[in-house]
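> I have a structure I would like to understand better, so I am pasting it below and will then ask my questions one at a time.
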Amino acid sequence: MPRRLPLFATAARGTEELLAEELAELGAVRVRADRGGVRFLANLHEALRIALWSRIAMRLLWPLAEAEAHGAQGLYDAAHAVPWEEHLDPGATFAVEATLRDSEHTHSGFVALKIKDALVDRLRERRGERPDVDTRRPDVSIVAHLAGTRLSLSLDVAGAPLNQRGYRVRPTVAPLKETLAAAILHAVRYSGDEPLVDPMCGSGTLVIEAGLIAVRRAPNLHRRFGIERWPSLGPEARAILERLRAEARANERRAPFPIRGFDRSTEAVEAARANVRAARLEREVTLTTADATRPLPLGEVDHGLLVTNPPYGDRLTQGGQKGMKTFYFQLGERLGGLAGFRMAILSGNPAFEAAFHHRPLRRRPLWNGPIECTLLEYAPRAGRTPGDAPPHHGRSGSAAPRLSDPGLAPTEKPADVSPVRPEHRREEHRDQPRRSDGSPGDEPGDRDRDEPGEQ
């Protein structure tokens with residue numbers, strides 16, 4: 001890899017600016033947020049440090065070529081023009097993943113297949129042999145994106161999406177993706193230097209990501225990257241990563257403040273415990289079965305950050321939207337009454353903010369999979385003595401909001417049906433990316449979307 005190359009880190013929609021901030025902090029230069037990700041410059045050492053430490057990036061791509069590609073022959077010609085022999089040896093394995101947007105082609109597997117054919121033919125012509133396809137654990141992962149007739153071809157530095165931290169051993173229905181959880185914590189400036197509570201933790205993604213931040217652990221410390229198997233850069237990358245991993249381990253600490261997760265579902269709490277163990281955070285994260293609409297057993301935790309992703313609701317279940325409004329009202333009564341806690345709530349239901357009946361300091365649009373959401377930040381409620389007040393980690397200069405909107409007093413319950421808490425429904429993408437063998441792949445760029453629902 002030359003001194004510095006243009007790279008592209010993909011991100012969930014709405015998190016691009018947050019990722020740009022993170023990449024700049026990690027040493028990237030000429031950082032520019034773009035649709036679906038962030039463009040920047042980095043050398044090999046900087047790129048590997050980003051792969052190890054980025055909590056928000058979905059993929060880390062090295063763009064090789066971009067060209068117009070009309071029809072099947074256009075795809076083949078554009079891919080055949082890339083000097084693949086500089087990156088692959090005949091004995092290496094590879095895989096192609098393709099995604100489409102506004103394309104004349106309807107099947108991403110067909111696009112991946114044409115690119116694979118062109119790559120194989122070029123290497124056979126230049127080297128006399130062809131590499132093999134391995135969709136499970138390829139030495140080199142190639143990411144193709146076709147937007148209209150514009151084809152971009154990139155190498156995946158990590159080899160797989162960076163949200164795959166390795167700790168999700170017991171997922172619940174529609175879990176919050178790790179990178180979105182990390183983006184939420186970055187947005188509210190959580191550093192681990194205050195207590196954290198998630199009253200509806202689901203499978204534990206938010207509390208686990210908070211735990212990784214609190215102990216200052218690189219999120220991808222315990223994984224291997226695709227670049228380590230590249231014929232061209234593998235040996236150099238392995239040597240650099242050995243040093244970076246040693247530095248990361250030496251940088252870890254014990255979490256200075258408690259991290260607590262609660263959920264009314266015993267099954268969810270058990271899943272979260274399994275995931276916490278897999279993340280090696282048993283000492284940092286405590287999990288308890290409890291209902292967020294009732295008093296939480298917080299113990300000595302009386303201040304900090306309360307962050308959560310409440311259910312969005314399902315109009316087809318009992319009670320529908322009216323039941324969700326009642327549930328949100330009850331959350332507002334219970335959570336809004338906690339003195340000393342600043343709150344960050346990812347809302348995927350337009351009715352949430354009014355029913356919660358507290359005025360937020362800030363609103364940030366985010367996307368949880370295909371669902372448009374809002375990250376709502378609330379200032380701490382008064383009630384602690386000035387000497388006990390924790391430092392506020394949000395942006396400075398914001399005045400504390402009133403606790404309620406004028407149109408809805410805290411004791412005024414909406415005229416709704418009995419409260420319900422519908423389960424999340426998993427949203428499936430209609431157009432999934434395909435690898436060169438036709439199997440499902442992960443979608444890069446602004447198509448990388450988190451699934452909606454509990455953490």
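Please treat every number below as a calculation from the coordinates, not as lab data. Keep in mind the model is a prediction, meaning the values are calculated, not measured. Virtual Cβ from ideal backbone geometry, glycine too; neighbours counted across all protein chains shown.
> Put a dot 7 Å past each Cα toward the Cβ at Val133 and Arg294; how far apart are the dots in nm?
Label at Arg294, label at Val133, 5.5 nm between them.
> Same structure again: How long is the gain from Arg3 to His222 if the chain were fully straight, where each residue apart is worth 0.36 nm and the alpha carbon distance is subtracted?
76.1 nm
> Count the net charge of all other residues whose Cβ sits under 13 Å from the Cβ of Arg127, scoring Lys and Arg as +1 and Asp and Glu as -1.
With Lys, Arg at +1 and Asp, Glu at -1, the net is -2.
> Between Leu305 and residues 5 or more places away or on another chain, which pairs have amide H atoms under 5 Å apart, with H built 1.01 Å from N, and which residues are they?
Answer set, sorted by chain and number: Leu196, Val197.
> Stokes-Einstein at 25 °C, 0.890 mPa s, Kirkwood radius from Cα pairs: D for the stretch 168-319 in µm² s⁻¹? Write out the running numbers ahead of the final one.
On the way: Rh = 16.8 Å.
D, rounded to a whole number, is 146 µm²/s.
> How big is Rg to Rh over the stretch 72-115, alpha-carbon atoms, Rh as the Kirkwood inverse-mean-distance radius?
Result for the stretch 72-115 is an Rg/Rh of 1.01.
> Return a whole-number percent for the relative contact order of the stretch 42-169, with Cα pairs under 8 Å and 6 or more residues apart as the contact set.
Computed value for the stretch 42-169: 37 percent relative contact order.
> Amide H neighbours of Thr93 under 5 Å, counting only residues 5+ apart in sequence or on other chains, H built in-plane at 1.01 Å?
The answer is Asp139, Val140.
> When only C-alpha pairs under 8 Å and at least 6 residues apart count, what is the relative contact order of the stretch 247-316, in percent?
Reported as a whole number, the value is 34 percent.
> So between Asp193 and Arg238, what do we pick up on full extension, going 0.36 nm a residue minus the alpha carbon distance?
Extra length available between Asp193 and Arg238 comes to 12.9 nm.
> In addition: Between the stretch 95-137 and the stretch 61-84, what is the C-alpha centre distance in whole Å?
Cα centres, the stretch 95-137 to the stretch 61-84: 10 Å.
> Follow-up question, since we're still on this one. Quick one, what does Rg over Rh come out to for the stretch 229-286 if you take C-alpha atoms and the Kirkwood Rh?
My calculation of the ratio gives 1.22.
> Output the relative contact order of the stretch 158-261, whole-number percent, from Cα pairs under 8 angstrom with separation of 6+ residues.
37
> Please identify the trypsin sites (Lys or Arg not before Pro) of the stretch 77-158 that satisfy two criteria: DSSP loop assignment and at most 13 other Cβ atoms within 10 Å. Which are they?
Working: sites: Arg101, Lys114, Lys116, Arg122, Arg124, Arg126, Arg127, Arg136, Arg150; in loops: Arg136.
When the trypsin sites (Lys or Arg not before Pro) of the stretch 77-158 are filtered for loop state and at most 13 Cβ neighbours within 10 Å, Arg136 remain.
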